Amino acid sequence: VILQPPPEILAPRQTRLREVLAPLGVDRLLVTTLPNVAWLTGFDGSAAVALVRPHDIILVTDARYREAADEIAAGAGGLIATAFVDDTYDETIVRLIAGEGGPIGFEAGSMTVARLNWLTTTLERGGSRTSLTPTMTAVEACRSVKDAWEIGLLREGAQRLSAVAIGVLADIRPGLVERDIAQAIEGGLRRAGFSRPAFDTIVASGTRAALPHGRASDRVIQPREVVVLDFGGVYGGYCVDLTRTIACGDPGAEARDWYEGVRAAQAAAIAVIRPGRLATDVDHAARTVLDDRGLGHLFTHGTGHGLGLEVHEAPRVGRSRLESGREPMPGTVPIPEHLAAGMTLTVEPGVYVPGRGGVRIEDDVLVTASGVEVLTSVPRTLVID
Ligand code: GLY
Ligand code: MN
Ligand code: MN
């Protein structure tokens, strides 16, 4: 339950967060989103909150995690203090913030109305001068650019995931059941050092390949039909995510056409990735290739997403939302619209034809100072024998 980033990694994370909070007029933030707590403290257990203060962070957790929290504080060189829940999390939060005074930010994206009502009412009734003020995506914006520690884990995770994929793909043959292939994948992930799958493993064969998120079923793989395999693992706390589409024998001209389109779309999308490009440009590049081949209307999702402590995180790599006209909420720290060195993304165009089948190809990439590094390396071959 400890990720153990060293103090020289934790310190710049705290500094970056304080820099994005300053324009919002808050110098303290109540962090209630677990992956954000993990990023700020290295705590990877199932329950905790954190209070970011001007010079340190209080990690608040309960008796189950006392040793882990003490170990984190001991290794953090004064950057992290601990507090333990003796009654409830919310009462502990009030105890910690009631005497602070002034506005303290909270994470409006995950705070429930019930919790906020209770916290504000309890503070008021106790005569506290502390107020809670909404913020949005402050930690998520910081997390969108990975540091050296994170890049090391993502690079290693992507290599290990590629090795698992190569092993599994070599063993696929007609007659196997989707669910058994998923089990083989998940066994391979554990043997390769992953702590868990990053999401429910997808094995979607034949007409089920038209379901972008078709979880493995009892269906038996038939000769010459497409099979979409999409799986990921969590390595050292970080998620990697890969998709290949294969067929045991030639699946025919239509499926080959989808495959060539998706492969070309993915290559075009990867080719435009470099710092300064709009994330929406990456999506546009993939979509243009599929549009030109008459397949654009079959590409029904975004081109990719950020990867990190969560399997789907900022930035999104999708269509421009400028036309939506939605104003950001006050207190929002915007997610960067432009790619920056250190971002890790998936690039995963797909084509889905209801009742017939589908194709997706997904790789993980790192935006580098000069362009892009593809972190996963698995052959892109449709027909295997
Ligand atoms: N299977 C989740 C994804 O690729 O985004
Ligand atoms: Mn995936
Ligand atoms: Mn993905």
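Would you give the gap between the C-alpha center of region 311-385 and the C-alpha center of region 226-266, rounded to a whole Å?
Going from one Cα centre to the other spans 15 Å.
Give me the distance between the Cα centres of region 267-287 and region 78-151, rounded to whole Å.
For region 267-287 versus region 78-151, the Cα centre distance is 37 Å.
Arranged from highest to lowest average of other beta-carbon atoms within 10 Å per residue, in what order do the peptides 340-350, 183-193 appear?
Numbers: 340-350: 24.1, 183-193: 17.1.
In decreasing order of mean packing, 340-350, 183-193 become 340-350, 183-193.
Report Rg (one decimal) and Dmax (nearest whole number) for region 259-351, counting Cα atoms only, units Å.
Here Rg and the maximum Cα pair distance are 13.7, 45 Å.
Once each part is reduced to its C-alpha centroid, what is the distance from region 165-195 to region 1-33 in angstrom?
38 Å
What translational diffusion coefficient, to the nearest whole µm²/s, does the chain have by Stokes-Einstein, given a Kirkwood radius computed over alpha-carbon pairs, a temperature of 20 °C and 1.002 mPa s viscosity? Don't skip to the answer; put the middle values down first.
Values: Rh = 22.3 Å.
Value of D from the Cα-based Kirkwood radius: 96 µm²/s.
What helices does the chain have that are whole DSSP H segments, at least 15 Å long along their own axis by Cα, and with mean Kyte-Doolittle hydropathy of -1.0 or more?
Details: long enough: 7-21 (21 Å, -0.40); 113-125 (18 Å, -0.12); 148-170 (33 Å, 0.83); 178-191 (20 Å, -0.85); 253-271 (27 Å, -0.13); 279-292 (20 Å, -0.39).
Answer set is 7-21, 113-125, 148-170, 178-191, 253-271, 279-292.
Going by how many other beta carbons lie within 10 Å of each one, how would you line up D56, D87, fewest first?
Working: D56 15, D87 8.
Fewest-to-most ranking of D56, D87: D87, D56.
Which of the peptides 251-263, 227-239, 163-175 is most tightly packed, and how do the rest follow, judged by the mean count of other Cβ atoms within 10 Å per residue? List each step's numbers first, then the result.
On the way: 251-263: 19.2, 227-239: 25.2, 163-175: 15.5.
Top of the packing list down: 227-239, 251-263, 163-175.
Could you give the radius of gyration (one decimal) and Dmax (whole number) of the Cα atoms in region 3-95, in Å?
Looking at region 3-95, its Cα Rg and Dmax stand at 12.4, 37 Å.
Ordered by packing density, taken as the mean number of other Cβ atoms within 10 Å over each peptide's residues, highest first, how do 31-41, 213-223 rank?
31-41, 213-223
The numbers here are math on the coordinates, done by the rules we state, and not lab data. These numbers were taken from a predicted model, which means no experiment stands behind them. Counting neighbours? That spans all protein chains shown, and the Cβs are built from the backbone with ideal geometry, glycine included.
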